[in-house]
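The next block holds one structure in the form of structure tokens; read it before the comments.
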Amino acid sequence: MNLSKLFNIVSSAIIFAFVFSIYNDNFLVDYLGSNSLKAIFLLFILFNLLRISRNLFDRETMMELIPFLVFFLGDFFNMLINPPVGEEQGAKLFEDSLLLLSMLFIVTFFINYNLIKTLYFIWGSLIVSSVIAFFNSPLSKWTFRKTGGTGDPNEFASQMLAFIFISIFLFKKNRNIVFLIISIIAFAYSILFAASMSSFIFLAVIGVLVLLRFLSLSFVKSMLISITAIVAVITTIIMFQDKLESFEIINNILGRTEETGTANTRFNSWNAGLKMVADKPILGVGLHEYGKYSPKYSTKFLAEDSVAPHNLFLELAAESGLIVFFAFVFFLFNLMSKYFYTIVHSDYFWIYMAVTSYLLMGLTLGLTYNKFFWLTIALLMNLHLKLSLEREGIITEDDFSDTFNMQELITKRE
């Protein structure tokens, strides 16, 4: 084995370990200690720093990165001029800086790393997370809820929503029935026991979006499939109503939704967030300071587990101000609209839906600075870069599929 192949194997192992740590952070901390995540991240950076820096100076890559960098730099400088206050100010500022830099490193690395390989890394990491959920004990507060390698069952549910669309895309490539069956079982088990009502609601919304996509491609075929599916679901519910109601997991999910009143607590937290935006519209209250300020701005009592923003967009507006918020909105608009027609009419539609699922879940979760959210964002940016380079004739479909370093390929072609 020559040094080049050995380097590729070691590099792939490090990148997979990093991706795995993004989705299974709590699991690694529990078994390897709190420093394991830092060690993996540091190893990833040291091994790929040259590639990341080269991407920042590559013309084609930079053109794709500009909207993201405008948002990132605005958020970073806002954090510096509006730092956290109170005890351990320096430590908090350092942690926030590392968090923002991790976003930058993830996006600038995965924007032109091999797309298929990254998707398989994510798929494998979430399959393991699903297995972890199977062996995990239920959460103490609600005896039936479980989570995977991450600590929050709601975040776990959002990951599994993206997982099923990534699985569909990969199945369209490998056509492996066993792969599809494993994906469906992992998704069904995880989404049921995560028991996030938001995930069920947004899964239905995404189902409508998927249906609309197929309607635009073939009306007759889509209508036949839709009618058949609706009739089958209604018939199943009618025929097996008593049996369905006897399932403990279904009763637990419905009972939790009725008893917890999570909707009311989130409305109260959102109301506090809107008041933060009105009071400090330019700079916001500071990065990760939402939970500290929401009880002060709320007209109703907020319990300790209800002070979080529970909304990606409101979190950003309240913490970083409207200038950064609108920079993020512009970035998202560019991300979701660029090459829209081409993507929707291809298999890449499923990657687009993975990003969409996170944005929808972000309406009820503060996913703003979660690494798995930005990794999925990077996948769509990767796809945009691919399509842009294809249109310019710099690379071809075959080149992109086979290369592990798009940047080197571009240099060779030039």
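Taking the options Leu212, Leu139, name whichever one is hydrophobic (A, V, I, L, M, F, W, C), at pLDDT below 95, over 21 Å from Ser125 (Cβ atoms) and part of a loop (DSSP other than H, G, I, E, B). Explain how you work it out, then say what you get.
Details: Leu212 fails: part of a loop (DSSP other than H, G, I, E, B).
That would be Leu139, the only listed residue that is hydrophobic (A, V, I, L, M, F, W, C), at pLDDT below 95, over 21 Å from Ser125 (Cβ atoms) and part of a loop (DSSP other than H, G, I, E, B).
Within segment 158-197, being buried (at least 20 other Cβ atoms within 10 Å of the Cβ) and hydroxyl-bearing (Ser, Thr, Tyr) holds for Ser158, Ser167, Ser183, Ser190, Ser196.
Scanning segment 271-292 for residues that are modelled with pLDDT of 90 or more and of a type in the set (Lys, Arg) yields a total of 2.
Can you spot a residue in segment 28-47 that is free of Cβ contacts under 8 Å to residues at least 24 places away in the same chain and under 19 Å from the mean Cα position of the chain (by Cα)? Looking for residues that are free of Cβ contacts under 8 Å to residues at least 24 places away in the same chain and under 19 Å from the mean Cα position of the chain (by Cα), one finds at least one in segment 28-47, hence yes.
Output yes when any residue across segment 37-55 is outside any helix (DSSP H, G or I) and either surrounded by 15 or more Cβ atoms within 10 Å (Cβ to Cβ) or touching a Gly at 6+ places or on another chain (Cβ under 6 Å) (or both), and no when none is. The answer is no; no qualifying residue exists.
Only one of the listed residues (Leu367, Leu363) is closer than 30 Å to Phe171 by Cβ, assigned to a loop (DSSP other than H, G, I, E, B), among the aliphatic types (A, V, I, L, M) and open to solvent by less than 10 Å² (accessible area, probe 1.4 Å). That residue is Leu367. Tell me yes or no: at least one residue of segment 90-99 is closer than 23 Å to Asn8 by Cα and under 17 Å from the mean Cα position of the chain (by Cα). Within segment 90-99 (the criterion being closer than 23 Å to Asn8 by Cα and under 17 Å from the mean Cα position of the chain (by Cα)), the answer is no, since none of the residues qualifies.
Quickly run through segment 309-360 and pick out the residues that are open to solvent by 40 Å² or more (accessible area, probe 1.4 Å), in contact (Cβ under 8 Å) with a residue 40 or more places away in the chain and closer than 30 Å to Thr265 by Cβ. Passing the criteria: Phe313, Leu322, Ile323. Scanning segment 137-147 finds no residues that are out of contact with any Phe, Trp or Tyr (no Cβ under 8 Å at 6 or more places or on another chain) and surrounded by 19 or more Cβ atoms within 10 Å (Cβ to Cβ).
For first residues located in segment 204-218 and among the polar types (S, T, N, Q), partners that are surrounded by 15 or more Cβ atoms within 10 Å (Cβ to Cβ) and modelled with pLDDT of 80 or more and lie 6+ apart or on another chain with Cβ distances below 9 Å form the pairs Ser216/Val344.
Which one is nearest to Arg54 (Cα to Cα) among residues in segment 84-104 that are open to solvent by less than 40 Å² (accessible area, probe 1.4 Å) and not small (Gly, Ala, Ser)? Quick ask: steps written out before the conclusion?
Kept after step one, since they are open to solvent by less than 40 Å² (accessible area, probe 1.4 Å), are these residues of segment 84-104: 84, 96-97, 99-100, 102-104.
Right, trim to not small (Gly, Ala, Ser) and you get 84, 96, 99-100, 103-104.
On the way: Pro84: 33, Asp96: 25, Leu99: 21, Leu100: 19, Met103: 17, Leu104: 13 Å.
Among those that are open to solvent by less than 40 Å² (accessible area, probe 1.4 Å) and not small (Gly, Ala, Ser), it is Leu104.
Criterion first (among the aromatic types (Phe, Trp, Tyr), in contact (Cβ under 8 Å) with a residue 12 or more places away in the chain, buried (at least 19 other Cβ atoms within 10 Å of the Cβ) and in contact with a Phe, Trp or Tyr (Cβ under 8 Å, 6 or more places away or on another chain)) does Phe71 satisfy it? Spelling it out, Phe71 is indeed among the aromatic types (Phe, Trp, Tyr), in contact (Cβ under 8 Å) with a residue 12 or more places away in the chain, buried (at least 19 other Cβ atoms within 10 Å of the Cβ) and in contact with a Phe, Trp or Tyr (Cβ under 8 Å, 6 or more places away or on another chain). Number of residues in segment 18-36 that are open to solvent by 30 Å² or more (accessible area, probe 1.4 Å) and within 20 Å of Leu104 (Cβ to Cβ): the value is 1. Can you list residue pairs whose Cβ atoms sit under 6 Å apart, with the first residue in segment 109-134 being assigned to a helix (DSSP H, G or I) and the second being of a type in the set (A, V, I, L, M) and at pLDDT below 95? Count only pairs 6 or more apart in sequence or on different chains. That search, which allows pairs on different chains as well, returns Phe109/Ile52. In this structure, Pro67 does not satisfy being modelled with pLDDT under 90 and within 20 Å of Asn370 (Cβ to Cβ).
The values are calculated or read from the model by the stated rules, or taken from the named source; none is laboratory data. Here the structure is a predicted model, which means the values were calculated and not measured. Methodologically, a virtual Cβ is constructed for each residue, glycine included, from the backbone with ideal geometry; neighbour enumeration extends over all protein chains shown. Note: accessible area is taken over every heavy atom of the protein model, side chains too, but ligands, DNA and RNA are not part of it. Shrake-Rupley method; radii C 1.70, N 1.55, O 1.52, S 1.80 Å.
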